[in-house]
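K.L.:
So that we are looking at the same thing, I have put the structure below in structure tokens.
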Amino acid sequence: ATPTPTQRVLDAMRLSLQRWDKVETKQGAQDYVRDILSPAKRGALGRILILNGRVFANEEGGKVQQHLTMVSRAVRERHSKVKNVAYLHNSEASGSCLENKKGELLPTTLIAKKYSSKECGVLVPNPYFGDLDHWSNVAQLLEDASRKHPYWKRDPRAFWRGHIRWRNKDCDHESGNIARFLGTLLTLRHPDQFDVKVRHLEARKRIWTNATALHATKCKDGAAKYPFRIDGLDGLVQRLSEAQDVSWVNPVDYARYKILAHFPGGTTGSYSRNLNHLWATGST
């Protein structure tokens, strides 16, 4: 029989844990907990101990704090299934295990593996998706909206809302801003086909409204050496305000459109949790 999604997740977690031998002595347990709780000069790292139904951890903000919130709720509501455990939590997007002073890899939970599922680490839910059941509730709302708006009745334009931030002159680490900017220009050129608009334009928006500077921009490693050399650029940037919409569009209203555009993530130009939202609407 084909494994269920839940079974696949459990199998993957068990496979990840096979890397480490089971600690079966008191001394071994003491050494292990000491390794986990010893200071590590690294940000986005949680050192976590669950002991007799209580969660202890170092003070670290961001997604480490969100992970702790999720773990605390799991312990509180499902205490009988959560045993005493100590582990590290790496909340960085690229994810990796940490080592003890002997160079041995320590059990580390991750929200992502950058290169391969065989990398060290145990994948856990990304707290960006909320608490234990938050995402399932959101997905249900989106699926309900999808049924409410039959595909054939939807707005045929390609839809997108998001931010455009600063870019540097050489385009390295531009984080997808170029793609998002060019997307808004499609709305100005073909408003009957695109509803791609920016909610927030970087405060130094003159960077994006100076056609001469854009035209001269050269990307050393990009597929397009001069990404902004397009016909009519001068006139388009003068109309950029027409492709701005500061109003908030509720996620369920995305289901009103047949096509939902997706651009590289707004922070690092990488995978975006936004995709999960888009898939649930039933749009293309």
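The values are calculated or read from the model by the stated rules, or taken from the named source; none is laboratory data. All figures in this text were calculated on a predicted structure; none of them were measured in a lab. Glycine also receives a Cβ, built like all others from the backbone with ideal geometry; neighbour counts cover every protein chain displayed. Note: areas computed on protein heavy atoms with side chains; ligands, DNA, RNA excluded. Shrake-Rupley method; radii C 1.70, N 1.55, O 1.52, S 1.80 Å.
K.L.:
Within the range 70-96, work out how many residues are of a type in the set (Val, Ile, Thr), modelled with pLDDT under 85 and not in a loop (DSSP other than H, G, I, E, B).
P.N.:
Going through the range 70-96 one residue at a time, the tally reaches 1.
K.L.:
Listed residues 199, 165; which is under 30 Å from residue 125 (Cα atoms), modelled with pLDDT under 90 and open to solvent by less than 80 Å² (accessible area, probe 1.4 Å)?
P.N.:
Step by step, each of 199, 165 is checked, and only 199 is under 30 Å from residue 125 (Cα atoms), modelled with pLDDT under 90 and open to solvent by less than 80 Å² (accessible area, probe 1.4 Å).
K.L.:
Please go through the range 13-50 and give me each residue that is exposed (fewer than 13 other Cβ atoms within 10 Å of the Cβ) and aliphatic (A, V, I, L, M), ordered by number.
P.N.:
Across the range 13-50, the qualifying residues are 15, 17.
K.L.:
Restricting to the range 240-284, give me the number of residues that are basic (Lys, Arg) and either touching a strand residue (DSSP E or B) at 6+ places or on another chain (Cβ under 6 Å) or modelled with pLDDT of 85 or more (or both).
P.N.:
Matching residues across the range 240-284 total 2.
K.L.:
Could you grab the pairs with beta carbons closer than 8 Å, sequence gap of 6+ or different chains, first residue in the range 123-143 and among the hydroxyl-bearing types (Ser, Thr, Tyr), second one open to solvent by 70 Å² or more (accessible area, probe 1.4 Å) and not in a helix (DSSP H, G or I)?
P.N.:
Final answer for the pair search is 128/273.
K.L.:
Same structure, new question: State which residue is most open to solvent (accessible area, probe 1.4 Å) when the search covers only the range 234-257 and only residues that are among the hydrophobic types (A, V, I, L, M, F, W, C) and assigned to a helix (DSSP H, G or I).
P.N.:
It comes out as 252.
K.L.:
Next question, about the same structure. Would you please name the residue that is most open to solvent (accessible area, probe 1.4 Å), looking only at residues in the range 97-121 that are out of contact with any helix residue (DSSP H, G or I) (no Cβ under 9 Å at 6 or more places or on another chain) and at pLDDT below 85?
P.N.:
Applying the filter and picking the extreme gives 115.
K.L.:
Looking only at the range 54-64, decide whether some residue is touching a helix residue (DSSP H, G or I) at 6+ places or on another chain (Cβ under 8 Å) and touching a residue at least 60 places away in the same chain (Cβ under 8 Å).
P.N.:
Yes - at least one qualifying residue is present in the range 54-64.
K.L.:
Would it be correct to say that residue 175 is at pLDDT below 75, open to solvent by less than 40 Å² (accessible area, probe 1.4 Å), out of contact with any His (no Cβ under 8 Å at 6 or more places or on another chain) and outside any helix (DSSP H, G or I)?
P.N.:
Here the answer is yes, as residue 175 does meet what is asked.
K.L.:
While we're on this one: Can you pull out every residue in the range 178-196 that is of a type in the set (A, V, I, L, M), over 21 Å from the mean Cα position of the chain (by Cα) and either open to solvent by 20 Å² or more (accessible area, probe 1.4 Å) or modelled with pLDDT under 80 (or both)?
P.N.:
182, 186
K.L.:
Considering (1) within 30 Å of residue 68 (Cβ to Cβ); (2) open to solvent by less than 20 Å² (accessible area, probe 1.4 Å); (3) modelled with pLDDT under 90, say which one residue 124 fails and leave the rest.
P.N.:
Only one criterion is unmet by residue 124, namely (2).
K.L.:
Please go through the range 78-111 and pick out each residue that is among the small types (Gly, Ala, Ser) and closer than 18 Å to residue 68 by Cβ.
P.N.:
86, 91, 95
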